[in-house]
Amino acid sequence: MVANKNFHLTVKSPGRINLIGEHIDYNGGHVLPAAIDLNITIRFKKREGRVCHVSSKAKDDFKFNIYEPLKPKPNNHWANYVLGVINGILKLRPQQLSAFDCEIESDLPMGSGISSSAALECGITFGLNSLFNLNLSKLEQIKIAQKAENDFVGTKCGIMDQFAVIMGEEKKVILLNCETLKYELLDANIDPYKIVLLNTNVEHKLASSEYNNRRKVCEIAMEMIKSKYPHYHQLAQVPLKVIETLENELQESVLRRATFVAEEEKRTIDASIVLQNGDITKFGELMYASHEGLSNKYDVSCPELDFLVDYSKKHNSVVGSRMMGGGFGGCTINLIHKDYIQYYIELITKAYEDQFDLELSCIETEISKGVSIVR
Ligand code: ADP
Ligand code: MG
């Protein structure tokens with residue numbers, strides 16, 4: 001690493017949690033995410049010439065010419081997150097970037113559902129916006145980051161992750177309507193419980209297949225619904241009782257996916273209400289119900305995630321638990337009584353290792369602010 005003083009700008013870009021509302025953003029419903037106190041740190045400096053040099057402690061370096069058209073690299077190269085946002089910035093602000101270097105360090109695990117990908121995209125976008133005085137609005141930055149992941153990486157992600165990384169605030173969860181992008185910042189009233197992420201260390205393969213498959217299935221369900229009920233535009237807006245009328249029209253698996261979406265949307269609205277009322281027990285029940293739906297109706301869980309959630313049900317110190325993120329691995333999010341966190345972590349780590357012969361990583365985390373410049 002080159003010494004800090006040689007760099008012109010340092011940005012911290014957080015990961016995010018989502019308390020409830022999973023696989024809902026791309027269905028135009030409500031989600032309840034927040035930025036956390038784990039970050040990707042990116043140091044930028046301008047340089048002479050045309051070639052930019054990007055390095056990450058976790059990966060191989062790469063270089064590119066800032067004045068030549070950018071194209072995605074093959075084999076899911078991590079450069080695509082960076083090149084994708086630069087491509088997006090240049091579309092909105094042509095000829096306003098010149099050569100720069102950047103160095104990346106991170107304490108966010110990759111591929112664990114804490115959205116290291118959005119932290120990376122948003123950190124680069126936010127940093128370049130500041131380094132080159134581009135005057136991009138927060139919403140423009142969010143959309144550049146999302147589009148980079150959609151078009152350059154090939155993951156058809158919704159907008160939640162990027163929104164939370166850019167808009168997050170200390171001690172607040174974001175109730176976001178993913179269709180209108182209207183949002184409310186709600187107090188994260190979870191005391192005496194704290195947020196603990198349990199990482200299965202089974203890496204999800206979001207970009208590869210199942211995530212995009214679920215999106216496709218939701219589009220199929222929506223087309224059928226629109227042919228009968230043309231006033232609906234987003235799957236998450238269709239109430240359960242309407243979906244139930246389509247029992248004979250929709251294929252069984254499509255019906256199950258659509259049912260999950262309707263139920264999860266309702267759970268998220270209910271959860272935002274009980275959170276404001278301070279009813280953490282009810283909030284936890286909704287988290288458990290969310291996991292149940294993700295596992296049995298949306299089919300995006302895996303044995304490791306199910307084990308962690310089932311185990312927590314036997315312990316009163318855990319008020320709620322569910323898988324978080326795309327699924328097929330990654331983390332569970334747990335609300336654990338602050339006096340019992342160490343005790344519980346010891347128990348579950350041993351039980352998990354006995355069951356799967358895999359290490360469990362435990363991360364106690366706080367809700368924190370969104371992407372920012374380090375002064
Ligand atoms: P998640 O967003 O849940 O962590 P993704 O599969 O969406 O999982 O994104 C992980 C990918 O993001 C990594 O495989 C890598 O390409 C990129 N990435 C994340 N953090 C870094 C980092 N510190 N350095 C380089 N690439 C990173
Ligand atoms: Mg991601």
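The values are calculated or read from the model by the stated rules, or taken from the named source; none is laboratory data. These numbers were taken from a predicted model, which means no experiment stands behind them. Note that we place each Cβ from the backbone using ideal geometry, even for glycine, and neighbour counts take in every protein chain shown. Please note that ligands, DNA and RNA were not included when accessible areas were found on the heavy atoms of the full protein model with its side chains. Shrake-Rupley method; radii C 1.70, N 1.55, O 1.52, S 1.80 Å.
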Original post:
For Ile220 and Phe62, what does the FRET efficiency come to when R0 = 30 Å and r is the distance between their Cβ atoms, rounded to the nearest 0.05?
Top reply: 0.20
Subject >> Rounded to the nearest 10 Å², the accessible area of Lys171 at probe 1.4 Å >> reply: 150 Å²
Original post:
Rounded to the nearest whole Å³, what is the per residue volume of the convex hull around the Cα atoms of the stretch 103-216?
Top reply: 144 Å³
Original post:
In what sequence, largest accessible area first, do Met110, Met167, Met160 appear using a 1.4 Å probe?
Top reply: Met110, Met167, Met160
Original post:
How large is ³J(HN,Hα), in whole Hz, for each residue of the stretch 139-149 in order, when computed from phi with the Karplus curve 6.51 cos²θ - 1.76 cosθ + 1.60 and θ = phi - 60°, using x for Gly and Pro?
Top reply: 5, 4, 5, 4, 6, 4, 5, 5, 5, 4, 5
Subject >> Vicinal HN-Hα couplings computed from phi for the stretch 360-375 (Karplus, 6.51 cos²θ - 1.76 cosθ + 1.60; Hz; Gly/Pro x) >> reply: 9, 9, 10, 10, 7, 9, 10, 6, 9, 7, x, 4, 8, 8, 8, 8
Original post:
Among the listed pairs Lys73/Lys156; Lys71/Lys172; Lys73/Lys172; Lys12/Lys143, which are separated by more than 29 Å between their Cα atoms?
Top reply: Lys71/Lys172; Lys73/Lys172
**OP:** Go through Phe356, Phe44 and list them by solvent-accessible area, largest first, probe radius 1.4 Å.
**Re:** Phe356, Phe44
Subject >> Point-to-point label distance, Gln276-Tyr343, nm (Cα→Cβ direction, 7 Å offset) >> reply: 3.5 nm
**OP:** Would you mind checking the tilt of helix 303-313 against the longest principal axis of the Cα atoms of the chain, expressed as 0 to 90 degrees and rounded to 10?
**Re:** 60 degrees
Subject >> 1.4 Å probe accessible area per residue over the stretch 9-188, in Å² >> reply: 38 Å²
Original post:
Dipole magnitude of the chain about its Cα centre, charges +1 at Lys/Arg Cβ and -1 at Asp/Glu Cβ only, in debye to the nearest 20?
Top reply: 1540 debye
Original post:
Short version: ³J(HN,Hα) in whole Hz for each residue of the stretch 86-92, in order, from phi by Karplus 6.51 cos²θ - 1.76 cosθ + 1.60 (θ = phi - 60°), x for Gly and Pro, what are they?
Top reply: 5, 4, x, 4, 5, 5, 7
Original post:
What is the distance, in nm, between label points placed 7 Å from the Cα along the Cα-to-Cβ direction at Glu210 and at Asn76?
Top reply: 1.3 nm
Original post:
What ranking of Leu131, Leu185 comes out by heavy-atom accessible area, probe 1.4 Å, highest first?
Top reply: Leu185, Leu131
**OP:** Order the peptides 360-367, 304-311, 90-97 from the highest to the lowest mean number of other Cβ atoms within 10 Å of their residues.
**Re:** 304-311, 360-367, 90-97
**OP:** On the full set of protein chains, 1.4 Å probe, figure out the accessible area of Ile66 and give it in Å² to the nearest 10.
**Re:** 10 Å²
Original post:
If you take the square roots of the eigenvalues of the alpha-carbon gyration tensor of the stretch 9-188 and sort them as a ≥ b ≥ c, do you get rounded (a/c under 1.5), prolate (a/b over b/c) or oblate?
Top reply: prolate
Subject >> Rounded Å value of the spacing that divides the Cα centres of the stretch 63-83 and the stretch 110-181 >> reply: 18 Å
Subject >> Per residue accessible area in Å² of the stretch 277-375, where ligands, DNA and RNA are left out and the probe is 1.4 Å >> reply: 44 Å²
Original post:
What 222 nm value per residue comes from the helices of the chain, counting each DSSP H run with n ≥ 4 as -39,500 (n - 2.57) and dividing by all residues, nearest 500 deg cm²/dmol?
Top reply: -12000 deg cm²/dmol
**OP:** Taking 7 Å along the Cα-to-C-beta vector as the label spot, tell me the Ser253-Lys228 distance in nanometres, rounded to one decimal.
**Re:** 2.1 nm
Original post:
Ranked highest first by average number of other Cβ atoms within 10 Å, how do 244-254, 149-159 line up?
Top reply: 149-159, 244-254
Original post:
Pro33: net charge of surrounding residues, Cβ under 13 Å, Lys/Arg +1, Asp/Glu -1, itself excluded?
Top reply: -3
Subject >> Degrees, to the nearest 10: 252-276 long Cα axis against longest axis of the chain >> reply: 80 degrees
